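The structure appears right after this line, and notes come after that.
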Amino acid sequence: MDTKKVEKIAKALADPNRLLILKELRKNQDCLYCSDMYEFIDLTQPSISHHLKQLSDAELVIPVKEGRYVKYHLNAAMIDQYVEFLQTLKS
């Protein structure tokens, strides 16, 4: 994993609202519709969209368009790669 990708992921994970979104995705079989996120996060629709864009740009979530709606899936493979990178710093 290159340092640019690591930096982008680290910045995405630095926000508590984004961490909350990732935790809720994990609780819900790794996928949620954007509209489902209003139930657990007290933000406006544009704010939620902004956070999802940041997570998507970091490849931590994968957006899948289903008609008018977008379903977000947790990208566990990218999280695994990030954790592996952090492990290399430890050893």
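Of the residues LEU25, LEU32, LEU55, the single one that is at pLDDT 95 or above and either in contact with a helix residue (DSSP H, G or I) (Cβ under 7 Å, 6 or more places away or on another chain) or of a type outside the set (Lys, Arg) (or both) is LEU55.
If we scan region 75-88, do we find a residue that is touching a residue at least 40 places away in the same chain (Cβ under 8 Å), under 17 Å from ASN17 (Cβ atoms) and surrounded by 13 or more Cβ atoms within 10 Å (Cβ to Cβ)? The answer is no; no qualifying residue exists. Taking region 31-75 as the range and being part of a helix (DSSP H, G or I), within 10 Å of the chain's Cα centre (by Cα) and among the small types (Gly, Ala, Ser) as the test, only SER56 passes. Among the residues making up region 1-29, those that are over 16 Å from PRO63 (Cβ atoms) and of a type in the set (Gly, Ala, Ser) are ALA10, ALA14. For region 13-30, taking the residues that are within 8 Å of the chain's Cα centre (by Cα) and within 13 Å of ASN75 (Cα to Cα), the one that is surrounded by the most Cβ atoms within 10 Å (Cβ to Cβ) is identified as ILE21.
Do we have any residue at all in region 44-58 that's among the aliphatic types (A, V, I, L, M) and surrounded by fewer than 16 Cβ atoms within 10 Å (Cβ to Cβ)?
Among the residues of region 44-58, not one is among the aliphatic types (A, V, I, L, M) and surrounded by fewer than 16 Cβ atoms within 10 Å (Cβ to Cβ), which makes the answer no.
Among the residues making up region 2-22, a single one is outside any helix (DSSP H, G or I) and in contact with a helix residue (DSSP H, G or I) (Cβ under 9 Å, 6 or more places away or on another chain): ASP15.
The values are calculated or read from the model by the stated rules, or taken from the named source; none is laboratory data. The model shown is predicted, which means the values in this text are computed figures rather than measured ones. Every residue, glycine as well, gets a Cβ built from its backbone with ideal geometry; the counts of neighbours run over all protein chains shown.
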